Every structure is written in C-alpha cells, then in structure tokens.
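Shown next, in structure tokens, is the structure this report addresses.
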Amino acid sequence: MEKLLALYGDKVLGSIKGLDRVRVRGTLRWLAHEAGMRTFLGSTGRLLKDFGRWAESLTKQVRASCEAQAKALGVATVYLQRSGVDKDGLAQEIATRDGRANGSLCMLSAVEPCWTPLVRGSRAERTLALHMGERKCVWIYHYLDHPELGLCHVRLQSWLPFSVHVCLNGRHWLEKQLQREGLAYVKDGNCFPYLADVARAQQLLDAQLQTDWPRLLDGLLLATCPALGEVLAPFAPHYYWSADQTEYATDLMFRDGTVLARDYPRLIRHAITVADTPTVLRFFGRRHLAGKAPAEVSSSWQQRAEGLRIKHYLNRNSVKAYDKSGSILRVETTIVTPREFSVYRPRHDDQRQAPTWQRLRKSMADLHRRCQVSDQCNQRYADTLATCHLAATVKEVATEACNPLTREGRRYRGLNPWRAEDYRLLTVLGKGEWAIRGFRNRDLRDRLYPVPPAGDRAAARRLCAKTTRLLRLLRAHGLIRKVPRTHRYLLTDHGHQFVTALLTASATEVQQLTQLAS
C-alpha cells in the first residue's frame, strides 16, 4: 500500500500483508476417482457385492480411533443433530466451559454430504457397477489451539475416500510467532490494531510460506485419527495436499480510528464509481479482449455491523475492501479457482524441461505464487483507492489544467470538465483498466468516437489525428506521460488527482457539497 502510506504519512502505524483464512484439502488420490478405486479393489481381491460391508468396517475403525484420541486428550466429544450449527462458536463455548486455552479443544461430529464411491446394481443387466456420487456420512471436526498455527480445525470424512479439510488462519499463526519472540501486540479477532515491530511481523508472515506443508498437515491429521494410516493396510497411501481457498489480506493500520472513519466512505464511494468490468479485470491482472469476456464479472457492497464492505468478483475469485476493528483498512483477495492465473514452472514438474508459463494449480507447491498474485491484486486495488484521497481542494487541483497555457511556443486550451467531450474524455481516463499497461491512441479513439464504416480510411485517419491532438493536450497539462519505448500512456499522479476530483465533484449532489463545505 505504498501510495496510501505516502498519502497518510504519520497517521498510520504501518501495513502488513500475508495469508488470512486458508482452507486446505487432503486427498487420497488413488481412491478419489473410479479408476483408482477399481484398481484398489482388484489388487486387494474385494468384490463389489462386499463393498458396503467393507467400507462400513473402515468407517467404524476411523470413528473409533477419533473417539479414543479424544478420550486420551481429555476433550469433549459432541454429536450434532443438525449440521447447520455454528461449529466455530460452539467449539469456543466448549473450550471456555472446560477451561481449555491450549492444545485440543473438542471434537464435534455431524452428518453432512460427501463425495464418495458408490456401488449400484442394474436390474436390466443384472450386474453391479462402481461410480462416484454424493451421499451423506459422519464428518469429524477436531478443534485445537495449535502451538504453531494457533486456532484451527481438522475436518475428516469418516467414509471412503477419507477426504480431509484443514482450516487455519495466518493471523492466528502470526500471534503464536509474536508470542515466541516476545513482541508486544494488540489483537482483535483476526487483525492487529497495534504491533510493536511492524517490520518483524512482516518477516514472520513471509516465513509462513517456507513451511514444510506435508509434514505439518500430516501431523495435524494423525493428531485427529492416529489409526488412519493403518485403516487401508497393507497399503499406506499418502495424502495430496491442495489449497481449496486462500485469503490474502493487506492491512493498513491507522493510529487514530477517526481518520479512517472520516475517509472510508469516500474510498468506498470511489471504488463503486470506477468498478466496471474492464477495471475489475485489471485488478486481477487480466486484459479485456473483445468477444472473450469472462463468465462473470460483478461487484457488490454490503452493510455489516462494522461498516460498509465492497467486493468485486471475477468468476469465483474476488477482491474486497472493508474496515476492521475501527482502525484498520483491509484489502483482501480470495482465490478459489487458481487456474485463472499462471505460474512459471516446468511442465508436469519435469525438471528436464524448460520452464514455461503454466496454469496455477491448487497444489501447496504453488502457494507461494498464489500469494504473489494475491498481493499484486491487493496493490492494484489499493492504488485505485489511493487516487480518491485528496488533501487539496478541487479548485487547487483543477485550476492549472482548466486554464490555457503556452509551452514551447505552442498555446494549449484548458480542459472544461462541464463540456460534453471533455467530460467523456475524463470519464474514460478515470477507468482503472489502464492502470497496468496504459492506453494507446486506438484505445482512446474507440471509446470517444463512433467507429467509422469499414473501408473509410479517410475518416479513420481524421479520428486518429483528433485523438493525437487530445494526447498532446493532456501531456502539455502534465496529466499523462508516455511509457518509454512504447506507444502507450499512463496517468501521472497529478492526472489521477485531477480526474478523480472532477468526476467525484460532478457526481455529488449540491446539498452534499454544501454540507461538506460547511
């Protein structure tokens, strides 16, 4: 958040960025699809007619192991009559009731849907067939305050193929790291309004990505069900760990919450104003190509107990901004479908091949790149919010560009934001789609003027020349700059301020302006 940090200066304590909520999935890949399950059954000599009894016996072993582990740990086991219970809240209540602040807190179980192998018979063919489908089974939730990760939980499917979900939070993890190093902090929920050493806290967040994930996650799983490795004996398949969903948050910590309370409505209003489809695509580092729009791009805002939250979606991925704990501005990117992005690696992880840009996977091996993508998305969004904040008045920002000037012997007219053509020009420049790569003559021309008929080269040349004169005018007023060795242009900082100030003023009611002035 360099631009926001520069704007607010000593009004902020600093900023930290890193993982927030992470949901990791563990899969026995051999058993998670039809072909693998058929191979497993064939290699063990089990018949399809015996599949149900065999699978049920494995489930009994898993549940018995979890119950024995809970008894050994001395924690409560609770069977929930319905799955819609707030399990996190219930686990905290049980831990408080039992006076448990560290280690295992409790084990909950509930019947919930699962994806599993099924054996169905065909009366017409008088045969049994194996296929994957949905059914219900008992899921076991093991809540614990881990000495390294902090508050987290393991969710284990007690029926084949024994899938696992581990839910953890990078901010709870950071709290444990701060405690080990003896650094002072104030924590509220999953955020830190105060950190005695912001730089060291950031180093600790970065160190989380260097974790030996298989070792850590396998240890959490075995702490929930020690017998899981023996259930499928003599085979000992290993779990493949992947990140189902990641949240990467960047927090700007204000020293005084009144500053954030004053500016936050303006920041959100500005984000709502500029959030069209091309802009949202730019937040995620994507180019908008004609005829190749993504399946879904949308924005929404919601009033919460803490304040207003705005969120932008690209398919199932999202970026959002909201205020936390009264003094923290959080920008957060959530990635559910990483294949929208790329990672530079050898194909199929074959080190003999040259690295190329491949689709980003859910594998924990690509988590570092996933965090890089999320961080870049947060930065672009924060930079867009920063263009809204103006310490100067509209008059101070706009006076110079609204008046004529002479440069290198050539006279240039002033821009008139109330003139239809100039207002349309400012509206196009204010879009965030140009934030990464800038815009060309053709980009501006296509949005300002109607496309001439095909084959009318004279009309196309006239529009190109007209756009060139507009670019020369904008450069003379210092609103845009040319990207070296390209035909692209970017808004300058003054250009951002000028466009934002005039567009905001033009979209604000007179009554609101009067109230602000008073």
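Readers should treat all values here as calculations from the given coordinates under stated rules, not as data from a laboratory. The structure presented is a predicted model; accordingly, all values stated were derived computationally and were not measured. Positions of Cβ are generated from backbone atoms using ideal geometry, with glycine treated the same way; all protein chains shown enter the neighbour counts.
A compact table of results
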quantity	calculated
Contact order normalised by residue count of the chain, Cα under 8 Å, 6+ apart, percent	14 percent
Segment 30-238: relative contact order as a whole-number percent, Cα under 8 Å and 6+ apart	18 percent
Hz values of 3J(HN,Hα) by residue in segment 198-211 - Karplus curve (6.51, -1.76, 1.60), Gly and Pro given as x	5, 4, 5, 4, 5, 5, 5, 5, 5, 5, 4, 6, 9, 6
Segment residue 38-residue 469, extension gain: residue separation times 0.36 nm, minus the distance between their alpha carbons	148.1 nm
Global geometry of segment 370-501, whether rounded, prolate or oblate, following the gyration tensor of its Cα atoms and the 1.5 cut on a/c	oblate
Simple Cβ-charge dipole of segment 45-106, Lys/Arg +1 and Asp/Glu -1, about Cα centre, in debye nearest 20	300 debye
Rounded to 5, percent antiparallel among DSSP beta bridges of segment 30-238	90 percent
Part-to-part distance (alpha-carbon centres) for segment 297-354 and segment 40-55, which is given in Å	43 Å
Long-range tail of P(r) for segment 30-238 (Cα pairs > 32 Å, %)	30 percent
Alpha-carbon Debye profile of the chain, log10 I(q)/I(0) at 0.11, 0.13 Å⁻¹	-1.05, -1.30
Restricting segment 396-459 to chymotrypsin sites (Phe, Trp or Tyr not before Pro) in coil, as DSSP defines it, with at most 13 other Cβ within 10 Å	418
Computed [θ] at 222 nm, deg cm²/dmol, the chain (DSSP H ≥ 4; -39,500 (n - 2.57); rounded to nearest 500)	-12500 deg cm²/dmol
Acute angle (nearest 10 degrees) that the helix 170-181 long axis makes with the longest principal axis of the chain, alpha-carbon atoms	80 degrees
Fraction of beta bridges assigned by DSSP in the chain that are antiparallel (%, nearest 5)	95 percent
Selection of GluC sites (Glu not before Pro), segment 398-459, meeting DSSP coil and at most 13 other Cβ within 10 Å	408
Qualifying chymotrypsin sites (Phe, Trp or Tyr not before Pro) for segment 203-248 [loop in DSSP, other Cβ within 10 Å: at most 16]	235
Positive-pole candidate from 317, 65, 455, dipole of the chain, charges at beta carbon	455
Whichever lysines have a C-alpha closer than 19 Å to that of residue 320, once near sequence neighbours (fewer than 8 apart) are set aside	3, 17, 311, 431
